[in-house]
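*Asks:* Here's a structure for you.
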There are 4 protein chains.
Amino acid sequence: MDTMAMMKSMDMGEMTMDMDAMQECMQSLNACAMAAAMCAGSDMMHGPEMATCCAMCSNMVEMAQATMHMMMRPAGMNMDVMNAMMTACMTMGKACAAECRAHADMDEMCRYCAMACDDMVMKCEAMMASMSA
Amino acid sequence: MDTMAMMKSMDMGEMTMDMDAMQECMQSLNACAMAAAMCAGSDMMHGPEMATCCAMCSNMVEMAQATMHMMMRPAGMNMDVMNAMMTACMTMGKACAAECRAHADMDEMCRYCAMACDDMVMKCEAMMASMSA
Amino acid sequence: MDTMAMMKSMDMGEMTMDMDAMQECMQSLNACAMAAAMCAGSDMMHGPEMATCCAMCSNMVEMAQATMHMMMRPAGMNMDVMNAMMTACMTMGKACAAECRAHADMDEMCRYCAMACDDMVMKCEAMMASMSA
Amino acid sequence: MDTMAMMKSMDMGEMTMDMDAMQECMQSLNACAMAAAMCAGSDMMHGPEMATCCAMCSNMVEMAQATMHMMMRPAGMNMDVMNAMMTACMTMGKACAAECRAHADMDEMCRYCAMACDDMVMKCEAMMASMSA
């Protein structure tokens, strides 16, 4: 299954953006949602000291998914909404990465999740810089 | 099942906000997500002239759900993230309401959905005005 | 916002079912998803003894939402899929209610959630009994 | 980001299953959810003849995501629930693939989506065959 090829065939409607940047952004949002879902699932088995991590990662999953799905619905493309949602997603990504890095005894999930959040923030910045309406 | 009573018993962590405003906001976000889901489901059966409505309503569902769920995870409460997500949700709500109202032959679903979006935007404004960190 | 009135106006396609039973089922699925989301959000702040409850409630949220949304997409109605998804949702609801009831020091969230799961299972049974293709 | 390595580090709790089969299943569920989301987003821009495809693909997204997330929450692992949810997901996958293949003028999205559904059904079968409680 070549997801990248599938993404390239999407008709993105009237907004103008760098299609490669958007494809990389969608893949990074997806990787971030998966990493945060695994991190949250692991956090549940630990004590209350992982409560913030678990809650933030659970928020991250839904926000990354919603942002990615928005990019997959070209008929609803709207510059103001896209900017606001990507801003929210990046704000969450920074907070989630900081939280995951803060654990003294950070486990493997948290390290992966922080990296996935960082990458997502970077790819969103690149896509936002290329968008215009 | 008394959902309001259940909401009142939540421990909201360190952020300060008007709990009644947040409860009304969560209920309005939920009503908005349901109305938009029904509107999108109805739009699918119509022609391409409902494509924008269908896509925007589908986006609205995920954003309203994510915002509501964020309020239900007190351990992850973060003022910057909450502000950014509520701003995104309200931006979507205004665009979705405008789209639903634009149909000359607006059906009952679209009217309900526009009203639910308006109410959600109003309740989010009230909650945001009461928040501090 | 009168969600019940909105539900009544949906065109449910070719499947035959009791529309009142389906409306009650959707409302119960929604209440169950909200209760389970709040229960999971509360569980995160407790110790590992709430890990199973948190994970099951998180599963419950997604399954109840998916089942409710499926009912809101009449164009995709399919008897085999609906039966299989409702069966999965009810299986989860029974397991989730049992878990929530098992806590010796059960908090208010768990009691609400168990009741919401029970009600959802009952309403799904009633709707399934009324369906035919 | 090496998602496969991250998956391998998960603690899957008390259920016994082939971990390689589960990892392949999660990746296939994720690819299926992405393909179906893109297919639904594309369908919205076409006429009512794509209504069933759009609705089924939208259902597929939520069911594949819910099933994948359930596998990422080891604390909530339950054999009955997992069997029921995987059965529902596979039933949906078969119906969705059949619908996508039925379009005389099938577009590229539908072909990808049908392939992704087929692969997901196959990987779920392999994982289910390896599970025991």
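The values are calculated or read from the model by the stated rules, or taken from the named source; none is laboratory data. This one's a predicted model, so the numbers in the text were calculated from it and none came from an experiment. Virtual Cβ from ideal backbone geometry, glycine too; neighbours counted across all protein chains shown.
*Asks:* All but one of (1) at pLDDT 95 or above; (2) over 30 Å from C:N78 (Cβ atoms) hold for D:C25; state the number of the condition that does not hold.
*Replies:* (2)
*Asks:* Could you check region C:77-109 and list, in sequence order, the residues that are among the small types (G, A, S) and at pLDDT below 95?
*Replies:* Answer for region C:77-109, where residues must be among the small types (G, A, S) and at pLDDT below 95: C:A102, C:A104.
*Asks:* Tell me yes or no: at least one residue of region D:18-29 is crowded, with 23+ Cβ neighbours inside 10 Å, more than 10 Å from chain C (Cβ to nearest Cβ) and closer than 21 Å to A:A66 by Cβ.
*Replies:* Yes.
*Asks:* Is it the case, given these coordinates, that C:A31 is assigned to a helix (DSSP H, G or I), modelled with pLDDT of 95 or more, of a type in the set (G, A, S) and in contact with a Cys (Cβ under 7 Å, 6 or more places away or on another chain)?
*Replies:* no
*Asks:* How about region D:1-22: which of its residues are among the polar types (S, T, N, Q) and modelled with pLDDT of 60 or more?
*Replies:* Answer for region D:1-22, where residues must be among the polar types (S, T, N, Q) and modelled with pLDDT of 60 or more: D:S9, D:T16.
*Asks:* If I filter region C:98-121 for residues that are in contact with an Asp or Glu (Cβ under 6 Å, 6 or more places away or on another chain) and surrounded by 19 or more Cβ atoms within 10 Å (Cβ to Cβ), do I get at least one hit?
*Replies:* no
*Asks:* Quick one: which of A:M44, A:M38 is farther than 30 Å from B:C100 by Cβ, at pLDDT below 95 and buried (at least 21 other Cβ atoms within 10 Å of the Cβ)?
*Replies:* It is A:M44.
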